[in-house]
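Report on the structure given below.
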Amino acid sequence: MGVPEDRDEQSAGQVVVIGVGQLRNNREKEPARALEPLELIRSAVAGAADDAGIAVSALSAVDAVGVVQVVSWSYDDLAGSVAAAIGAPGAATHVSEAGGHQPVAVLTRLAGAIAAGESELAVVCGGEAQSSLELLGAAKEPARAEGWSHSPGGPGGFSRATGGTERMWDLGLVGPTRIYPLWENRLRHDLGQSFAESQAWSASMYAGFSEVAAANEAAWNREPVSADQVSGTGPKNRMICFPYPLRMNALNRVDQGAALILASPAAADRLGVAPQQRVYLHAAALDEDCEDVLERDSYGGSAGLGRSLDAALEQAGTTADELDVVDLYSCFPVVPKLGALHLGLDRDAALSATGGLTSFGGAHNNYSAHALVAVVRRLRGSGGTGLVYANGEYLTKHASVVLGQEPAPEGFRWSSAAAPEHGPVTVDDAYVGPLEIETYTVEFDREGEPARGYVIGRSPRGDRVGVRVSRSDTSTLEALVDPGGDPVGRTGSVVAENDRRLFTLARG
C-alpha cells in the first residue's frame, strides 16, 4: 500500500500508534483454558483494533506485520499465520530474532517503513504461553497441547549462539541468572555501597514495580509485595545467583500477549481514529555491545545501553529531564539501575509503567511490547513524552524509543549501530596464576547452599580471565557471598586441577 499523494508536509514522516492491546490468559492454570501463542496474539491485535475504535475488519488494510519471536511454541510461519488470522493475508511479514530488545526493534523497523512512505498500516505483536505449555506437559509431550498448531509445534528455544560464545559455554557462564549478577556485584563496588545498601535499593525498586503491576490488567502477579519480601531469602524466595533471590529474577512462566497498531496520519484519518487516541513515535535507537561478556570493557556499566538512550533522546530533540514517563527493562535490578544512573534520574524515580519482569511477568522476548502498551496509555491520559528502553541477551543488545502526544518535530527518526566483533579486552583462556577479582557470582542449589562460583578477574599482565570456583572450596564460596565483605579487588589464584582451571581465594 503506497502513501497517498495528498499527504501534507506537516504529516510527512510522522508515525502514530493508534491502538494497543494486551491480555493475560489462564492465570488460574486450568487445562481447558490453555491457549496457544497464536491465539493470544490474535486476541491482542483484536483488542488493539477495539482500542483504536476501528472494526476488526478494517485490519484487512494492514500492509505489514512484525512478530516478536515466540519461544514457548514453534511455528513454520508465525507472522503469516498472524496476518491471515487478522484478515490481512497479503501483508508483508517479519518474525524477529531472539532478545528482549526485539519489541522495540520490530517497532522501529515498521515505523521506519511508514515514515519512509513504504507502508501505511502495520501491526507489532507477540505472545507467549509458557505457563500453559508446562501445565499441559506439552514441553515434553507436544501432543498434549490438543487444538494447538502443530506446524511443527512443540516448544521453541534459543540457539546456542544466542546463549553466548563458545568460550562462555566452555566456562559454563551462560544463562541470564548467572551473568547479570556479575554487573550487580561490580556496580555495588563501583558505587561504594554495602551489600545491605545495594539490596535495599533493588528491593525498594521491585516492590514499587509490584505496585504498578497491581494496577495492570495483564500482569501475571497483581498482589503487591514489600521490599522485605523481595530481598528476604527463604523457601519461597531462595537465592538463585548471588545477590539475586527469586523475586529479583524475571518470571517467564506466563501466558500473555500484546499488540500495537501503527499508522501514517493519513491512514489514521481514513480509519476515523480520534486525534486523542494517537501517540507519535519520535525517535528510536538500536545499539549493541560485543557478544562475549568476557571481552566487555567493564562490568559497572554498558556502553551500548548508554549510546542507545543518548541517541534516542538526541534524535527526538529532548532530554531525560523532560521525560514524563519512563519504562526501563527490568529482567534483573542492575538493568534499570544502569539506565537510571545514565539518565541521571533520582534514586526514587518511577522506572516502570508496566510492573517489571518479575511482578508483571517476563514473556520471554515480548515484555517490552507490554511496556509500549503501558507508556502509550499513560501518554494518552497525561500527555507529555515517554521513553521505553529494552535490553536483549546479556546487556548485549539495546533498543530505546521516545514517544509523545504531540507530533515529532522532524518526523520519526531512528539509528542503528552494529556490534563490534570483539571487545576492547584481551582474554586469556589458559591462564594459571594470581588473579585480581573484577566481579563474581555464586549459584545456589535448591537447598539454599552454594553450588558453584564464577569469577572474572585480571592477571598481572592485565588480561581478562574467567574461571569457576568448585563446590568443594567452601571457604572461597563463603567469602564471595559474605554480606559484610566485598571480594572485588581481592587476589586469589587460578590453579589447574584434573584438566580444569579453578579459582581459590587467598586466605587472610
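Yes/no per residue for (1) in contact with a Cys (Cβ under 6 Å, 6 or more places away or on another chain); (2) in a loop (DSSP other than H, G, I, E, B); (3) charged (D, E, K, R):
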{"position": "E421", "(1), (2), (3)": "no, yes, yes"}
{"position": "A430", "(1), (2), (3)": "no, yes, no"}
{"position": "L435", "(1), (2), (3)": "no, no, no"}
{"position": "E438", "(1), (2), (3)": "no, no, yes"}
{"position": "R461", "(1), (2), (3)": "no, yes, yes"}
{"position": "T476", "(1), (2), (3)": "no, no, no"}
{"position": "D482", "(1), (2), (3)": "no, yes, yes"}
{"position": "D486", "(1), (2), (3)": "no, yes, yes"}
Which of the residues belonging to segment 432-481 are among the basic types (K, R), without any contact (Cβ under 8 Å) to a residue 40 or more places away in the chain and under 26 Å from R238 (Cα atoms)? R471
Within segment 488-505, which residues are surrounded by 20 or more Cβ atoms within 10 Å (Cβ to Cβ) and in contact with a Leu (Cβ under 7 Å, 6 or more places away or on another chain)? G492, V494, F503
Matching residues in segment 233-274 - criterion: being among the β-branched types (V, I, T) and under 26 Å from N25 (Cβ atoms): V254, I261
Working only within segment 43-91, note down all residues that are in contact with a Ser or Thr (Cβ under 8 Å, 6 or more places away or on another chain) and of a type in the set (A, V, I, L, M, F, W, C). A64, V65, V67, V68, W73, A79, V82, A83, A88
Criterion first (touching a residue at least 24 places away in the same chain (Cβ under 8 Å) and surrounded by fewer than 19 Cβ atoms within 10 Å (Cβ to Cβ)) does G339 satisfy it? no
Could you grab me the full set of residues in segment 63-107 that are closer than 19 Å to G157 by Cβ, of a type in the set (A, V, I, L, M, F, W, C), part of a loop (DSSP other than H, G, I, E, B) and touching a strand residue (DSSP E or B) at 6+ places or on another chain (Cβ under 7 Å)? V68, V70, V71, W73
Selection count where residues are on the phi > 0 side of the Ramachandran plot and free of Cβ contacts under 8 Å to residues at least 24 places away in the same chain, scope segment 171-203: 2
Would you say V469 is surrounded by 14 or more Cβ atoms within 10 Å (Cβ to Cβ), over 17 Å from L173 (Cα atoms) and at pLDDT 95 or above? no
All but one of (1) in contact (Cβ under 8 Å) with a residue 12 or more places away in the chain; (2) surrounded by fewer than 20 Cβ atoms within 10 Å (Cβ to Cβ); (3) among the basic types (K, R) hold for R247; state the number of the condition that does not hold. (2)
If we keep just the residues of segment 296-317 that are over 16 Å from G392 (Cβ atoms) and out of contact with any strand residue (DSSP E or B) (no Cβ under 6 Å at 6 or more places or on another chain), which is surrounded by the most Cβ atoms within 10 Å (Cβ to Cβ)? L313
Selection within segment 272-293 - over 18 Å from L260 (Cβ atoms) and β-branched (V, I, T): V293
Could you grab me the full set of residues in segment 111-156 that are part of a loop (DSSP other than H, G, I, E, B), within 30 Å of R413 (Cα to Cα) and not charged (D, E, K, R)? A116, G117, S119
Could you check L387 against (1) assigned to a loop (DSSP other than H, G, I, E, B); (2) under 30 Å from E217 (Cα atoms) and say which number it fails? (1)
Filter segment 159-199 for residues that are surrounded by fewer than 16 Cβ atoms within 10 Å (Cβ to Cβ), part of a helix (DSSP H, G or I) and of a type in the set (G, A, S) and give the result. A161, A196
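The values are calculated or read from the model by the stated rules, or taken from the named source; none is laboratory data. Quick caveat: nothing in here was measured; it's all calculated off a predicted structure. As a convention, Cβ positions derive from the backbone with ideal geometry for all residues, glycine included, and neighbour counts pool all protein chains shown.
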